[in-house]
Amino acid sequence: MFVGSVHRFAGALLLLGSAAVASAQSLPDFQISRAHQAPRIDGVLDDAAWTGPAMVLGEWLSYNPVRGDPTADQRTEVRITYDDRFIYFAFHCFDSEPEKIRTTVSRRDDVFDDDWVGVSLDSTGAGQLAYHLFVNPSGIQMDAVDTASSGERFETDLVWDSAGRRTADGYVVEIALPLQSIRFGESDAVRMGALFFRHVSRRGESYSWPDMPPGQWVFNRHAHLVFDDIKPRRLQELLPSITLPVSQTRATPRDWNGADSKLDAGLSGKYGITSEVTVDGTINPDFSQVESDAFQVQVNQRYPVFFSEKRPFFMEGLGLFNLAGMGDGNMRAAVHTRKIVDPGWGVKVTGTSGPLTFGFLDASDHTPLDIGDRGEAVAGESKIFTVARATYGLKGSDYIGAIVTDTEHAGRHNRVAGGDLVWKPFGSQELSATYLFSRTGLKSEPDAGGVAAQVSYKFDSRRVFAIEQVEHYDTPFQMDTAFYNQTGFTSSFSFVDVSFYPPKENRFGLIRVHPFTLYKRLHDRVQDGDANFVLTGLRFNFSRQGFLDVDHSFSREPWRGREYDSGNDFNTFGNVQLVRWLSVGGYFRTGAAIYYDPVNPFQGASKAGGFSVTWQPTQHFNQSLSYDMVNFDRADTGAHVYTVHIVNSKTVYQFNRHFLIRLIEQFDNSSHRLLTDLLASYEFVPGTVAHAGYGSIYEERQYLNGALVPNSGDYLTVSRGLFFKASYLYRF
């Protein structure tokens, strides 16, 4: 099987390579003029800095969901200037139907359904890291750090200023980006890569200049901005924080235990060794999560459930630590910092030097997971996580990289070393490979070693998108820092998607139709069997950011020495923004499933469905509601095994870009739990924040023999708490 996959891979490379050579387009350099006086960031282009002509750009073309369509009546003017402290951007976005522009006042990174405009800035010009800044017509920010290995990651929040304002002919956006917030070297003439984005909400289409042909992303298409006499500014900042939690647990149906409270203080800081190398440190950090994890179905799951990182110290620079091919296969993240549960301290170094990008992370964990059968023997022993990562840019977004990780815990160690590669032989093609070797053991026992590897090939044209990937994981392979599903297998999968585009004059809201097929074969050495998965389907893209997927699948999967049917015979899901103030989505699937009991597994039949609604009646108020249901029955007898109902509700009133009140309510009948979480939050800039909140957990409890017995009786508030948190970002 493995050899056959490699032959198919090589054949695809040769066949598609002959048809995929993209012609290189020369992109211009723009000499940026210095501002004599800094513009006011107010969404009005009446400052002297903006009186000159706009940049002479070419035609903006679409990149999602259609490639290469012109913007037609959506003209965009761009102006750029700078001084000793900031780079300034101004966008005038003309619209033939300005009354249909969608804009909301919302929290950061939460306005992608709106109209917006933005910039990708590769400040070092190395093609390995870019800052993405987006702003909607109300001035609300979205930002991401884009790396060649991870793509866009929105966890990091940069410090920058923005303003937006609707006008009679569209809208205007201004941006002030501090030089301290970005990295670049010192030179007489600093060259930075730049690409501009614009999204038109009612059409559900995104445009860019320069254009991004299929198979290419920002690093392959950046034009260049040239700045004379611009000096980098080293980043130096301190972030002190205090947290005061007050919590109670229920003693009897009528009485509460005494309140617990503890004032906690922490300190984080950044120090720019140079303008391109920064050290981050934290002592006694407060890693309480202001945003609660949404409830997910966790009943009868073969693989672990993934939760995103939300803690500021770990979020910054997180994309650098990922590897090529992650997300397409078994491993989702090589460094999943949610595995560091309760850190006492942390140190991080990130930086660039020409084409070299590097990072180092070291942190302790007071209460580590995955301690195995050692239990009480290692209680109270901290686990130390160490990660070193480097990539070397070749051309465009091509790179070669290396990673080393080490965890040490009470005599046990896990060490992993490896490398990865991304290479685009032609504009529409990408080859990636990753190889990792691990050694794990105790001081008193010999180490166990294992290998993990993947090779994947992608072809992306306006008509065809295809992936071929081969993966292999040894059974003893372990990587404590990573998030992955399983080990002990060899697999291959092939995916092909073919797109058809109705003529513009006959679309009637339909933008794209693309049938697809996927085939995966896996030999599972742990479960002693072969898995096969075949999926065919049809997808539709509509205006108003709508899409619909209808597919059919068949699969067989080994579990505990037997093979079972596990395919979803029928699956459909979709979403659409019906009007500017209402978006709806839903899904339904039914088919064969497995009851993953380690002792007594059996064949089952499953039905699942759900819906989501987002209601935005005003710019300031947002209500989202989602419902998920899974039903499982035995296939042989029809006996009912379980039904899970999960409801997630979030209500937000955003007074302005800084201040909000948010209520979260989450219900999961499988855990007999209802969570409520009320939060008032003020964020002046990322880091300078104040939060006050109240939370409670309701559970089914019956009072028997002086104890509250779970999963029976009435719903009671079993715990409740107040908390206050404040931090202040001070930049030197």
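We did not get these values from a lab; they are worked out from the coordinates using the rules stated. Because the structure is predicted, anything quoted here is derived from the model rather than measured. Note: ideal-geometry Cβ built from the backbone for every residue, glycine included; neighbour counts use all protein chains shown.
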Counting Lys and Arg as +1 and Asp and Glu as -1 over every other residue whose Cβ sits under 10 Å from the Cβ of Gly529, the net charge comes to -1
Going fewest to most other Cβ atoms within 10 Å around each Cβ, Tyr501, Tyr88 line up as Tyr501, Tyr88
Out of Cys93, Asn64, Ser187 - ranked by how far each Cα lies towards the positive end of the dipole of the range 33-228, with unit charges on the beta-carbon of charged residues - the top one is Asn64
Given Cβ charges of +1 for Lys and Arg and -1 for Asp and Glu, the option among Gly258, Pro210, Gly418 whose Cα lies farthest towards the positive end of the dipole of the chain is Pro210
Neighbours of Tyr682 by Cβ distance under 14 Å: Lys/Arg at +1, Asp/Glu at -1, summed charge +4
Summing -39500 (n - 2.57) over every DSSP H run of at least 4 residues in the chain and dividing by its residue count gives a helix-only mean residue ellipticity at 222 nm, to the nearest 500 deg cm²/dmol, of -1000 deg cm²/dmol
Taking a crude spin-label model, label points 7 Å out from Cα along the C-beta direction, the Thr367 to Tyr587 distance in nm is 3.1 nm
With +1 on the Cβ of every Lys and Arg and -1 on the Cβ of every Asp and Glu, the dipole magnitude of the range 33-228 about its Cα centre, in debye rounded to the nearest 20, is 140 debye
So for R0 = 51 Å, FRET eff. of Glu381-Leu538 from the Cβ-Cβ r, to 0.05, ends up at 0.40
Measuring from its Cα centre, the range 415-523 shows a charge dipole (+1 at each Lys and Arg Cβ, -1 at each Asp and Glu Cβ) which, in debye to the nearest 20, is 460 debye
Ranked from fewest to most other Cβ atoms within 10 Å of their own Cβ, Tyr473, Tyr703 fall in the order Tyr703, Tyr473
Filtered hits (aspartates and glutamates, Cα-Cα < 13 Å from Lys262, offset >= 8 within chain) -> Asp286
Hits in the range 91-110: amide N under 18 Å from the 7 Å Cα→Cβ extension of Arg165, namely 91-95, 98-99, 103-105
Diffing the range 426-436: the Karplus 3J(HN,Hα) column from phi (6.51, -1.76, 1.60, θ = phi - 60°), in whole Hz with x for Gly and Pro, holds 9, x, 9, 10, 9, 10, 9, 8, 9, 9, 9
As straight-line cross-link partners of Lys607, the qualifying aspartates and glutamates (C-alpha separation under 13 Å, not fewer than 8 residues apart within one chain) are Asp569, Asp628, Asp633
Given a Förster distance of 41 Å, the FRET efficiency implied by the Cβ-Cβ spacing of Asn257 and Ala448, rounded to the nearest 0.05, works out to 0.35
Subtracting the Cα-Cα distance of Asn64 and Thr637 from 0.36 nm times their residue separation yields 201.5 nm
Reviewing (1) 43, 38, 27; (2) 45, 36, 31; (3) 40, 33, 29, the figure for semi-axes √(5λ) of the Cα gyration tensor in Å actually calculated from this model sits under (3)
Between the alpha carbon centres of the range 225-247 and the range 613-641 the gap in Å comes to 41 Å
Whole-Hz Karplus couplings 3J(HN,Hα) for the range 29-38, θ = phi - 60° and coefficients 6.51, -1.76, 1.60, Gly and Pro as x, run 9, 10, 7, 8, 8, 6, 7, 6, 9, 5
Check: C-alpha center the range 107-175 vs C-alpha center the range 464-523, spacing in Å is 29 Å
Answer in debye to the nearest 20: the dipole magnitude of the chain about its Cα centre, from +1 Lys/Arg and -1 Asp/Glu charges placed on Cβ, is 480 debye
Violations at 32 Å Cα threshold for listed pairs Lys348/Lys725; Lys424/Lys650; Lys348/Lys520; Lys100/Lys650; Lys650/Lys725; Lys270/Lys339 -> Lys424/Lys650; Lys348/Lys520
For Leu704 and Tyr627, extending 7 Å from Cα along the Cα-Cβ vector and measuring point to point gives, in nm, a value of 3.2 nm
